[in-house]
Amino acid sequence: MKDLISAEKLNRRLDKENLLILDVRNGKDAHKLYLEGHLAGAIFVDLNKDLAAIPANPADGGRHPLPSPADFVQKLGNWGIHRKTRVVIYDDMGGANAAARLWWMLKSIGHSRVQVLNGGFQAAVKAGLPISTGNEEAKSVVSYPESTWRLPVANLSEVEKQASDPNFAVIDVRDAYRYRGESEPIDLIAGHIPGAINLPYSMNLDENGLFHAPEKLREMYQPLFEEKGLSKITVHCGSGITACHTLLAMSAAGFQIPSLYVGSWSEWSRNDKPVGTC
């Protein structure tokens, strides 16, 4: 399956069996917005409660560390996901809010039948997909049978070594002003991991908030993969969420998925590590 699906194609497939839509809009009013209007049948997924194991101290794993695989597969069963379920995920920030994170987690647990709605909720509304209000009840099934993360991840010590090695590419996908250290709206310290390069996730999207065509994405990332190679690329952001947007873009372009530094800047900046600004 392709990693992305257009609102028009999704609209033609709404009556198919084994289709489950997940709403992963995030923020303090996310559930309120869901109740006020969501794609018909969509189940609400909470980033903090469902897609992360929020730590007492973000210095240990960052603000959004991964839950255990066992806890995650239990969630999948609660949502009604089994091996044959076709999952479509959306948010309202072109996939960067949390849709790409859930896409990565499903791929990493071994579920290949998953796509992100290109353009998100806005594209669905524009295309005239049916909207419902209130809460949707999930039809739970037996827990998904996988119990390990399959896609590569990097930890703090590994990233520290990689960032100082010119053979590696440590990619920071945050907005340029955050990378440069001009201001930091979320974490305690502004700046970036010294040696990391800045490729903002927004470069994956066109002026309409849609992912660029696979050919354009491949043209963007081909030099990086040719120069460094899959095993020497690590992608991060603030807390391991928007980094998945770039991993999704790379996969959509036809590349294998490189390492994710889940702890990202939220972990690095809380561990007395050097800070780059420019």
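Where a number appears in this text, it was derived from the coordinates with a stated rule and is not lab data. The model shown is predicted, which means the values in this text are computed figures rather than measured ones. FYI the Cβ positions are ideal-geometry reconstructions off the backbone, even for glycines, and counts take in every protein chain you see.
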Taking the stated definitions as given, is I193 in contact with a Gly (Cβ under 7 Å, 6 or more places away or on another chain) and either surrounded by 17 or more Cβ atoms within 10 Å (Cβ to Cβ) or within 25 Å of W149 (Cα to Cα) (or both)?
yes
Filter result (touching a Gly at 6+ places or on another chain (Cβ under 9 Å) and under 17 Å from S147 (Cα atoms)) within the stretch 64-103
P65, L66, R83, W103
Go through the stretch 77-105 and count every residue that is closer than 21 Å to I5 by Cα, in contact with a Phe, Trp or Tyr (Cβ under 7 Å, 6 or more places away or on another chain) and in a helix (DSSP H, G or I).
2
Can you tell me which residue among S183, S202 is part of a loop (DSSP other than H, G, I, E, B) and of a type in the set (G, A, S)?
S183
For the stretch 142-180, what are the residues that are surrounded by fewer than 15 Cβ atoms within 10 Å (Cβ to Cβ) and assigned to a loop (DSSP other than H, G, I, E, B)?
V142, P145, S147, T148, R150, N155, S164, D165, P166, N167
